[in-house]
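These notes are about the structure you will find just below.
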Amino acid sequence: MARAVPEVPTPIGRSPLFQAAMAAVSRIAPLSRPVLLVGERGTGKELVAARLHYLSPRWNQPFLKLNCGGLTDSLLETELFGHEAGAFTGAQRRRLGRFELAHRGTLFLDEIANAPMTVQETILRVVEYGSFERVGGSETVEVDVRLVAATNEDLPSMAAEGRFRADLLDRLAFDVVTLPPLRERPEDIEVLAEHIALQMAQELRRDVFPGFTPRVLAALQSHPWPGNVRELKNVVERAVYRTEPGHKVEDIVLDPFASPWRPLAASSARSDGAARRPMRPYDFVAHINDIEQDLLKQALATNAHHQKRTAAFLGMTYHQLRNQLLKHGLIGGKPVVPADD
Ligand SMILES: Nc1ncnc2c1ncn2[C@@H]1O[C@H](COP(=O)(O)OP(=O)(O)OP(=O)(O)O)[C@@H](O)[C@H]1O
Ligand SMILES: [Mg+2]
């Protein structure tokens, strides 16, 4: 039976920074050399790994992935290289690893920085000689696999500190493509948001997507997007499904956890002031101040920074809210004492 031709994943973006990264991807794709993808979380490393594969002559061969984080050393080793029957208790049959299964294709090793040194050594051998032994076996297996690895760590400094094998880094980094964070390419935010919203509207079986209001677009532009495109995707998809069909998106929720009733974190892991304050001597005024500030920030986030709506949400007048925001330095200006307060 004929195999359906898979679609080449096409990342969206028109900023010069993004276009330059995509040009590098297209240049390196046809070569059978390793590529290292570097970028913050959610910048599109996995999407680009797939694009590299489907733009290469290996496109109709296997494309396999393995995340090197979160597995024990021995589990990662067997996932990569497979094992022979009887290699360890419970290993009743021979099992092929990702390298063997990806023969003639591409293997995407995600979070490569988390691969333990012993596994790094074996990967290095496969890159160098194209061969390895299954766990518990002595037969040499030869493979032809193109490696694409990804990381959000700085591997050269890890290598300098002895936490990553410098020789493996040299081999993996035949070419390095660094994906820029979304905050450095604001030109991409609107096109990405439109694209994501259209897809979401289709998923919801809506005929049209009427767009975003200018205020929502401004809020999308001014957010720093620490979670990059994945975060944008969540925010936009949430906004689209919460909007009545046929209406423009006029509300976004940047932090779905934002709520005045959000439970306080028990540990000091919390980044804002309230939980980190030492218990004794107790500064009552500072503590109340922190709580007020938290509530204001969360209410603002819940109401997409729309001040009138935030005021109503908190049961305050608009001027009361403005004065509170001024008091906590959340906006600039002078306090107002209107007649209706
Ligand atoms: N330029 C883009 N165009 C369209 N969608 C994108 C783009 N970049 C990322 N995405 C989408 O954003 C989400 C996150 O991307 P991806 O999983 O590739 O990021 P990542 O860099 O691998 O993240 P992590 O480091 O957290 O694993 C995916 O749903 C992906 O399809
Ligand atoms: Mg990823």
Among beta bridges assigned by DSSP with both residues in the chain, the antiparallel ones amount in percent, to the nearest 5, to 15
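Provide the FRET efficiency to the nearest 0.05 for the Gln92-Leu17 pair, computing r from the beta carbons and using R0 = 41 Å. Show your work: numbers first, answer last.
Details: r = 51 Å, r/R0 = 1.26.
Calculated transfer efficiency: 0.20.
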Computed curve, the stretch 184-254, Cα-only Debye sum without solvent term, log₁₀ I(q)/I(0) at 0.29 Å⁻¹, is -1.54
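Give me the percent relative contact order of the chain, please, defined on Cα pairs under 8 angstrom at least 6 residues apart.
On the way: 516 pairs, mean separation 54.7, N = 341.
Rounded, it is 16 percent for the chain.
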In units of 2.2 N^0.38 Å, the Cα radius of gyration of the stretch 16-180 is 1.03
Per its Cα gyration tensor (rounded if a/c is under 1.5, else prolate when a/b beats b/c, else oblate), the chain is best filed as prolate
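None of the figures in this text is laboratory data; all of them are computed from the coordinates on show. As the structure is a prediction and not an experimental result, all values here were calculated from the model. Neighbour counts run over all protein chains shown; Cβ positions are idealised from the backbone, glycine included.
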